[in-house]
Amino acid sequence: MLIQTSRRSFMTALAAAGVAAPVALTLGRSAMAAPGDVRAMFLYVPDGVIPSAWHPSASGTNFTLPAMSAPLEAVREDVVFVRGTNMYAGAGTHEGGIAKVLTGAGDVSLDVYLGQQIGGNTPMRSLQLGVATSYQGSLSMSYAGAGQSVMPDDNPLNVFARMFGQPAGQGPSGAQQEGASVLDVAIGDLRRLQSYLGATEREKLEIHLESLREVERKLTGEVTQVCGDVAWDDRGFRVIETDYYPLTHHKEENFALMSELQAELAVLALQCGVTNVVSIMWSHPVSPTKILDLGSSIGHHDSSHYGAADSAAARSYIAQKAWFFERIAAMLQHMKSIPDGDGTLLHNSIVFVGTDINDGNLHDHADMPFVLAGQAGGQLATGRALDYRNSNGGQNDAHARLLVSIANMAGVSVETFGYQGSGPGGLPGLLG
């Protein structure tokens, strides 16, 4: 079913809730990024890779792609393959990997941090989406503070409602208005309390305030004025109330559809200025998922322990990983088709693709298989493969420096992010 919303209904909802209309995102772009000029997207696929089946054949621009990464050939001119960085510190496990892939082993993840820095004029500072991330596991790559995980929303219908409110012709209900007014009072009381607290307590309270603001946004359906009327095809998906475990949107037969819907919503969120920072997690570490489109009989995590490179498990693992990257390639192509200022949405974005371990057999965090996409408004030269093995005093460089580079491309000046053992600054040779 095609869901339509109207700008007038959103503004009416905002006025009824006592919320000022958000500022429209300015779509013009400059060569050098200022905060908010470059949008950021963070994508996660589970359980590592087979290195020989993933990494490009050579560094530079003249390379071929093996079976796992082959789907990215369709967008090779818009991506940068980054190998030779280690995720240092923290636990060397799936769980340890997901905890530091966006934190650099610090307290706050880069998606949440960038949302705080460049999301001031958007209804949602950052938006976390998921595909079956809370089925047979519930680990997130997003953190608002130490031990404060931000779980992705796995239900695309709920995500659309959070982003755009009620469909056209359905104004805010009395319950929505009442809920919004109660939250106004609660937020006001907490704001007054902040002045009496120390720095640590104020930081913790700010996390709770942001959670309340998210509830407020759900009730009021805040949107910007960039997209005007919004139409989105939900493909007829509906949550069946009697589905308990798994929930309708967690069923394996719906995994491919949820992937499509969440990818479309993530792009729509950036395109319409709902947020400047969005993430998608496909499943979670130690993923039980079977890709039914492929006829998979082996769960993703089980296949990641592939043993020999020519085993049945390895073939299943390669096919499933390629399936994820087919979806990511299609998503990047969609972003490239959307005009944005003087370029396209992809040109004016920086997209990070990561996972929680390197080699599925070894459970290691060395030589991680990372990808960047988009040109960050012209800052990032794409169509390259970069190799940072033994680049930092004979050791692999730290992936935390890659996080620094992403922050800098988004217009946020930082020298370190999380782990500092490889020194300050971003990865050398990445920009340009």
Starting from 0.36 nm per residue, how many nanometres of slack lie between Asp310 and Ser337 once their C-alpha separation is accounted for? 5.9 nm
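Provide the net charge surrounding Tyr88, with neighbours chosen by a C-beta distance below 13 Å and charges set as Lys +1, Arg +1, Asp -1, Glu -1.
On the way: positive: Lys100, Arg401; negative: Asp364, Asp367, Asp397.
Neighbour charge sum, excluding Tyr88 itself: -1.
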Sum up the charges of everything whose Cβ sits under 10 Å from the Cβ of Pro288, counting Lys and Arg as +1 and Asp and Glu as -1, but leave Pro288 out. -1
The long-range amide H neighbours of Asn392, using H built 1.01 Å from N in the peptide plane and a cut-off of under 5 Å, are Asp397
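Length gain on complete extension for the stretch Phe63 to Ala161, per 0.36 nm per residue less the alpha carbon to alpha carbon distance?
Value of the extension gain: 31.0 nm.
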Which whole-Hz ³J(HN,Hα) couplings does region 422-428 yield from phi under the Karplus relation 6.51 cos²θ - 1.76 cosθ + 1.60, θ = phi - 60°, glycine and proline marked x? 9, x, x, x, x, 6, x
Environment charge at Leu403 (Cβ cut-off 11 Å; Lys +1, Arg +1, Asp -1, Glu -1): +1
Classify region 223-381 as rounded, prolate or oblate from the Cα gyration tensor: take a ≥ b ≥ c as the square roots of its eigenvalues, call it rounded if a/c is under 1.5, otherwise prolate when a/b beats b/c and oblate if not. oblate
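Throughout, read-outs are computed from the coordinates displayed, never taken from laboratory work. Predicted, not measured: the structure shown is a model, and the values here were computed from it. Neighbour counts are summed over all protein chains in view; Cβ atoms, including those assigned to glycine, are modelled from backbone coordinates with ideal geometry.
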